[in-house]
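Report on the following structure.
Quick note: the coordinates plus some simple rules give every number you see, no bench work behind them. This one's a predicted model, so the numbers in the text were calculated from it and none came from an experiment. Ideal geometry is used to build each Cβ from the backbone, glycine not excepted, and the neighbour counts take in all protein chains shown.
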Amino acid sequence: MRLLLVEDEPKILAALKRGLERESYAVDTADNGDDGLDAALTGDYDLVVLDRMLPGEVGDGLEICRRMRAADLHAPVIMLTARDKVAERVGGLDGGADDYLVKPFAFDELLARIRALLRRPAEAVSNVLVAGDLEFDTASRTVRRAGAVVDLSAREQALLEYLMRNQGQVLSKDQIIAHVWDFDADVLPNTLEVYIGYLRNKLERPFGGSPLIHTRRGLGYKLEATG
């Protein structure tokens, strides 16, 4: 899943980016309101984390959130703030934010809130994504097929999570790359095909070749349990 993180404190920005990437998220960053707004309006993000106070002409994270909603962009927004006042939180939520987190906060709490917001579109009731006998616990980052644990790299997990959250849908290569890799990642033309091959080797061949990931020639890929 692809996230946008807008934070002007370099150490916080770097630490959050590293932590989120360890959890298999693709993370684009901006350290000011102007770049943050441009990214938010032009990128295709699954979730946006905005600092409340930001340098730049835009003013602050709340204005970015307002403009996103005005542009009919509905990606969930988590607002970060150092101001622990009810009026600040109310203003952020009324401005279109979905959640509010006061600094300093525990990274695990941010992760939990991100997971909660990402569950909403899929109408899931738990952290576990299911497709046939394939299960992915997004909280523990554990993948199982037919009850057996399957060891996947962080990038393989990110790819699998996006496919499972959109199972049954044909996803174009551009769509998948945009949600699984960072904007500035050096993705070669066959990189996605290579990772699809990795998933098939680990999730299909050891289990009798029962197909999960289906190629739609000229269109893209679809994850669907057929048996």
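A few remarks follow.
- In the chain, the DSSP-assigned H stretches of four residues or longer account for a calculated mean residue ellipticity at 222 nm of -11500 deg cm²/dmol, using -39500 (n - 2.57) per stretch and the full residue count as denominator.
- Simple point charges give the picture: +1 on the Cβ of Lys and Arg, -1 on the Cβ of Asp and Glu, and for the chain a dipole about the Cα centre of about 920 debye.
- Under the combined filter of DSSP loop state and at most 16 neighbouring Cβ atoms within 10 Å, the range 145-214 retains these GluC sites (Glu not before Pro): Glu204.
- Radius 10 Å from Cβ of Leu212, net charge of other residues (Lys, Arg +1; Asp, Glu -1): 0
- Per residue, the average separation of C-alpha pairs within less than 8 Å and at least 6 apart gives the range 2-119 a relative contact order of 22 percent.
- GNM top mover of Pro55, Pro104, Pro76 - the chain, alpha-carbon springs below 10 Å: Pro104
- The range 178-227: trypsin sites (Lys or Arg not before Pro) falling in loop per DSSP and having at most 10 other Cβ within 10 Å: Arg217
- Per residue, the average separation of C-alpha pairs within less than 8 Å and at least 6 apart gives the range 128-223 a relative contact order of 27 percent.
- A DSSP coil position with no more than 10 other Cβ atoms inside 10 Å describes the following GluC sites (Glu not before Pro) in the range 11-62: Glu57.
- Tilt relative to the chain, helix 61-70 - C-alpha long axis, 0 to 90 degrees, to 10: 60 degrees
- GNM result for the chain, Cα springs below 10 Å: residue of Asp151, Asp98, Asp108 fluctuating most strongly: Asp108
- Note: relative contact order over the chain, using C-alpha pairs below 8 Å and six or more positions apart, is 17 percent.
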